[in-house]
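The values are calculated or read from the model by the stated rules, or taken from the named source; none is laboratory data. Keep in mind the model is a prediction, meaning the values are calculated, not measured. As a convention, Cβ positions derive from the backbone with ideal geometry for all residues, glycine included, and neighbour counts pool all protein chains shown.
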Amino acid sequence: MPRRRPDQDDVTDSPFATAEGLSSVSGGERDEFLAAVAAFDPVPGEKAPAGDAPPVARPRRTRQLARGALRPAATLDLHGLTRDEAVARARTFLAGAVRQGWPLVVIVTGKGLHSQEGPVLRRAVETLLGNSRDLVLEWAAAPRHLGGAGALAVFLRV
């Protein structure tokens, strides 16, 4: 089967057009590689999540977590922190967890029972999680043995 050579325009629009390591490859091979990268679909037929819809934990993962089949790699307790301190620590914690390759962490926010405005930290952390789609796959309330309604189980992109 003959291979189709991409048009020169296809190659120059690619983010890999200046990729290091391709300089030692012949022009035809380089063009072929760049065309393959441009056409790559990691999961055929699966659509990317809608931009406005917050990710929600899959029931299977939350059941596995509740049964103890999944265990968090680390826990971050935000009790006693201000909203800004909590968001900053949670952001740093999530970035570090992804770098470590941890697929699951727990963030303890508390239930907000002692706050006049309700669960301030939980709302702030959930907003952070919704804005951190590059790090976070999904999250849900943690099972009772991991903090229940006062904690969030966060599944990370690793």
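Observations on the model:
- Selection status of residue 120, in contact (Cβ under 8 Å) with a residue 12 or more places away in the chain and either in contact with a Leu (Cβ under 6 Å, 6 or more places away or on another chain) or among the acidic types (Asp, Glu) (or both): no
- Residue ID - modelled with the highest pLDDT, chosen from residues in the stretch 55-82 that are loosely packed, with under 15 Cβ neighbours inside 10 Å and of a type in the set (Lys, Arg): 71
- Any hit, the stretch 110-120, residues being in contact with a strand residue (DSSP E or B) (Cβ under 8 Å, 6 or more places away or on another chain) and of a type outside the set (Lys, Arg): no
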